[in-house]
1. Please specify each residue of chain A satisfying the condition of being at the interface with chain B (Cβ under 7 Å from one of its Cβ atoms), under 24 Å from B:H57 (Cα atoms) and among the small types (G, A, S).
2. Of B:C18, B:C63, which residue is modelled with pLDDT of 80 or more and assigned to a loop (DSSP other than H, G, I, E, B)?
3. What are the residues in region B:53-112 that are touching an Asp or Glu at 6+ places or on another chain (Cβ under 9 Å), surrounded by 14 or more Cβ atoms within 10 Å (Cβ to Cβ) and either touching a residue at least 12 places away in the same chain (Cβ under 8 Å) or of a type in the set (V, I, T) (or both), if any?
4. List the helices (runs of 4 or more DSSP H) that sit entirely inside region B:173-240 and contain at least 1 residues that are within 14 Å of another protein chain (Cβ to nearest Cβ) and of a type outside the set (G, A, S).
5. Looking at B:L150, is it part of a helix (DSSP H, G or I) and within 15 Å of B:I226 (Cα to Cα)?
6. Within region A:25-36, which residues are out of contact with any helix residue (DSSP H, G or I) (no Cβ under 9 Å at 6 or more places or on another chain) and part of a helix (DSSP H, G or I)?
7. Quick check on B:T157: is it surrounded by 14 or more Cβ atoms within 10 Å (Cβ to Cβ) and of a type in the set (S, T, Y)?
8. List the pairs whose first member sits in region B:215-237 and is at positive phi, whose second member is basic (K, R), and whose Cβ atoms are under 6 Å apart, counting only residues at least 6 apart or on separate chains?
Amino acid sequence: MMVAVIVLMLVGVALSAMIRRLQAYLLRWQQHNMAE
Amino acid sequence: MRMPRHRANTSAWQISICIVVLSIWQWGYDLHARFPSLVPDLLDPYFVSKPSEIFEHFLILSCLKSKPGMFNGWLNGDFAKCIARNENNLWIATAITLKNTFFGFVFGVSSGVAAGLLLGRSDRLSDIFQPFITAVNSIPRIALAPIIVLAFGIGDTSKVVTSWIVVVFLVFFNTFEGARTIDEGYINAARLLGASEWQITRTVVIPSTMAWVFASLSPAISFALIGVIVGEFIGAERGISDALSSSPKHGRKPPA
């Protein structure tokens, strides 16, 4: 059971990291497009 | 040269905290057994297991080991046999949970953005739907999970729907607020230049609202995962929560 809890924690961390990178990319893309 | 040093310092602190927490978890209860008056009765391994046992069980559940001390070979096919033997092994269970989370997130974000823009741009629609949205938002969405599982079955659809219903309101409210707080001056300027409503939405409203939408993505992914896990807890054929709840169900020792 604790294995699943730890795996879920790692999955959550990985997903959050991915979303943060996606956010950063989208914000850069938006700024670039608005500048044009 | 201050930045790399600062980063190394931060990493050293983070690693130290990890080591301390894992050490207390691993040996804290043994210390309590030896010095009951000095060390408090925390972290009973019956409930929270130990990092070493968790790691051992992780290797077995993920088919990297068949039993303690014996690693499964890749070349002799032991790993593939183990994966085939257990349909809900850790890899497949995690992949299914991730897949459901992804779809719940994508549907939740897209429908939340669409509804937020629609109601944020229209005062009439906003006035009509405001009480209903407030009422539905007041329901603890997790409480709907059993009904969703009953309606959509114990397959993956009910997990995606549970995830969607948790995510959609979060994104909707952010988008709605974003669409509401646009400077009217920009919209009036676009109107003066002869822009149609669709052009105003596309060139003024959507770009201005995007920062609000992006801000909601981070909590949305966590909520999507929570929705899937709750859905899987209520009833699932497969997924990581099935592994999470299987030990008590089968009368096994709860930890690890």
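The values are calculated or read from the model by the stated rules, or taken from the named source; none is laboratory data. It should be emphasised that the depicted structure is a prediction, and the values quoted were computed from it without experimental measurement. Every residue, glycine among them, receives a Cβ derived from its backbone with ideal geometry; neighbour counts consider all protein chains shown.
1. A:A4, A:G12
2. Working: B:C18 fails: assigned to a loop (DSSP other than H, G, I, E, B).
Result: B:C63 is the single residue among B:C18, B:C63 that is modelled with pLDDT of 80 or more and assigned to a loop (DSSP other than H, G, I, E, B).
3. B:C63, B:S66, B:N88, B:A93, B:I96, B:T97, B:K99, B:N100, B:F103
4. On the way: elements: B:184-192, B:197-200, B:206-234.
Qualifying helices (runs of 4 or more DSSP H): B:184-192, B:206-234.
5. Numbers: part of a helix (DSSP H, G or I): yes; within 15 Å of B:I226 (Cα to Cα): no.
Judged against the criteria, B:L150 is not a match.
6. Our first condition is that a residue be out of contact with any helix residue (DSSP H, G or I) (no Cβ under 9 Å at 6 or more places or on another chain); within region A:25-36, this holds for A:25, A:28-29, A:31-32, A:35-36.
Passing the criteria: A:Y25, A:R28, A:W29, A:Q31, A:H32, A:A35.
7. On the way: surrounded by 14 or more Cβ atoms within 10 Å (Cβ to Cβ): yes; of a type in the set (S, T, Y): yes.
Judged against the criteria, B:T157 is a match.
8. Pairs that qualify, where the first residue is at positive phi and the partner is basic (K, R): there are none.
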